[in-house]
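Note sheet for the following structure.
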Amino acid sequence: MQESKFAPITGTVMPRFAGIATLMRLPYVDPTDVKYEEVDIGLIGVPWDGGTTNRPGARHGPRQVRDASTMVRNINRANGINPFDLCNCADLGDTPVNPVDLMDSLGRIEAFYSTAHKAGITPLSVGGDHLVTLPIMRALARNGPIGMVHFDAHTDTWDRYFGDNLYTHGTPFRRAIEEGLLDPKRTIQIGIRGALYNDSENDWGERQGIRVIDIDTFYAMGVDAVIAEARRIVGDGPTYVTFDVDALDPVYAPGTGTPEIGGFTTHEAQQMIRGLRGLNLVGGDVVEVSPPFDPSGNTAVVAATMMFEILCVLSESVARRKQQRKATGRAV
């Protein structure tokens, strides 16, 4: 059992509608806090949508997800994992951002994650548009490229937008591959769908070696086969999990910038994330939650739940690496 200073506040002590909102009701810890070095998994908000090309609002996602995450409890009913027993988890607050300067924001976000990474903290984040994953990867993949399990309606491997603009929420993984941060042969994209401007939008990633499972292939294969394929693709190397809420059918997550009908269900998403158990996971995020497009708040509830599902499988990876470090006396 972890020390109580890292435990979520239970709803039997403080009602879920009361108290200061933090992700999953965890304690807030910042880099100046003496407890910072004790944190194993840092939950982080990235309130920025400067890479959005159509419907904005994801900058407000972290704040609403914090509120919705009060419904998260300790134990995952499906797999029995209690991530708060396995790891010291804390809300590290929001990254600094510059709402009027895209490049400055990318630098600020990367610096925040670099500080956490140097302290040995594994990040689990909520955005923010999908471009925020690029500076996160810049911080995590300095020692070599990582693999990725990517849930999305879009490949996000476009080259540029409106002339020579290289950085939008549609380009992060093209840039990550070009920068040597992401290994395309250890990358799988699940749920891809929607109309295209031209064929090259999908072709580039597949030519690099990305395994793309579009939504029709997903339903032809079934959840179990897709999980097996994801595990085969990423293998036992370091792997990042990124979940764009538009991967879901918009009946489950209407509050997003680029909704696409015909997506998978929330339960299918939970099954797939649970199927990543045992992989070498080094971080994750849930992005593109845009509260202005969902007055019900349901999209934020979905995002908080997907974060918890990722946290459960991530916490086992982090705990396993801690045990290996103790046994071998070296970093793993």
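The values are calculated or read from the model by the stated rules, or taken from the named source; none is laboratory data. The model shown is predicted, which means the values in this text are computed figures rather than measured ones. All Cβ positions, glycine included, derive from the backbone under ideal geometry; neighbour counts span all protein chains shown. Note: areas computed on protein heavy atoms with side chains; ligands, DNA, RNA excluded. Shrake-Rupley method; radii C 1.70, N 1.55, O 1.52, S 1.80 Å.
Taking residues in region 202-231 that are closer than 29 Å to residue 179 by Cβ, and partners anywhere that are β-branched (Val, Ile, Thr) and open to solvent by 30 Å² or more (accessible area, probe 1.4 Å), the pairs with Cβ atoms closer than 9 Å and at least 6 places apart or on different chains are 226/217. Residue 44 falls short of the stated requirement of being at pLDDT 95 or above, more than 30 Å from residue 162 (Cβ to Cβ) and under 20 Å from the mean Cα position of the chain (by Cα).
When each of 124, 131 is tested for being in a helix (DSSP H, G or I), in contact (Cβ under 8 Å) with a residue 60 or more places away in the chain and open to solvent by less than 10 Å² (accessible area, probe 1.4 Å), the lone residue that passes is 131.
Considering only region 105-121, state which residues are part of a loop (DSSP other than H, G, I, E, B) and in contact with a helix residue (DSSP H, G or I) (Cβ under 6 Å, 6 or more places away or on another chain).
If we filter region 105-121 for residues that are part of a loop (DSSP other than H, G, I, E, B), which is where we start, we get 119-121.
Hit for region 105-121 is 119, nothing else.
Only one of the numbered conditions (1) open to solvent by 40 Å² or more (accessible area, probe 1.4 Å); (2) touching a helix residue (DSSP H, G or I) at 6+ places or on another chain (Cβ under 8 Å); (3) closer than 22 Å to residue 281 by Cα; (4) aliphatic (A, V, I, L, M) is violated by residue 81, and that is (1). If the Cβ limit is 6 Å and pairs must be 6+ apart or interchain, which residue in region 263-287 that is acidic (Asp, Glu) pairs with which residue that is surrounded by fewer than 23 Cβ atoms within 10 Å (Cβ to Cβ)? Within 6 Å, the pairs are 268/223. The residue list 250, 259 contains one member that is open to solvent by 40 Å² or more (accessible area, probe 1.4 Å), not hydroxyl-bearing (Ser, Thr, Tyr) and not in a strand (DSSP E or B), which is 259.
Looking only at region 169-208, residues that are open to solvent by less than 50 Å² (accessible area, probe 1.4 Å), farther than 17 Å from residue 260 by Cα and at pLDDT 95 or above come to 14 in all.
The lone criterion from (1) among the acidic types (Asp, Glu); (2) touching a Lys or Arg at 6+ places or on another chain (Cβ under 9 Å); (3) over 24 Å from residue 305 (Cα atoms) left unmet by residue 156 is number (3).
Scan region 153-168 for residues that are acidic (Asp, Glu) and either open to solvent by 50 Å² or more (accessible area, probe 1.4 Å) or part of a helix (DSSP H, G or I) (or both) and the total you get is 1. Of all residues in region 301-308, none satisfies being of a type in the set (Ser, Thr, Tyr) and free of Cβ contacts under 8 Å to residues at least 60 places away in the same chain. Screening the candidates 212, 241 for the property of being surrounded by fewer than 21 Cβ atoms within 10 Å (Cβ to Cβ) and part of a strand (DSSP E or B) yields one hit, 212.
Being in contact (Cβ under 8 Å) with a residue 24 or more places away in the chain and aliphatic (A, V, I, L, M) is the filter here; which residues of region 44-89 pass it? Selection gives 44, 46, 58, 65, 68, 71, 72, 78, 81, 86. Can we say residue 52 is part of a loop (DSSP other than H, G, I, E, B), of a type in the set (Val, Ile, Thr), touching a helix residue (DSSP H, G or I) at 6+ places or on another chain (Cβ under 9 Å) and open to solvent by 10 Å² or more (accessible area, probe 1.4 Å)? Yes: the conditions hold for residue 52.
Scanning region 247-283 for residues that are farther than 20 Å from residue 228 by Cβ and small (Gly, Ala, Ser) yields 253, 255, 257, 262, 263, 283.
The set of residues from region 262-284 being under 23 Å from residue 216 (Cα atoms) and either open to solvent by less than 30 Å² (accessible area, probe 1.4 Å) or not in a helix (DSSP H, G or I) (or both) comprises 262, 263, 264, 265, 269, 272, 273, 275, 276.
Can you tell me how many residues in region 169-184 are within 17 Å of the chain's Cα centre (by Cα) and in a loop (DSSP other than H, G, I, E, B)?
Going through region 169-184, the residues within 17 Å of the chain's Cα centre (by Cα) turn out to be 169-173, 176, 181-182.
Keeping just the survivors that are in a loop (DSSP other than H, G, I, E, B) gives 169-171, 181.
Total meeting the criteria: 4.
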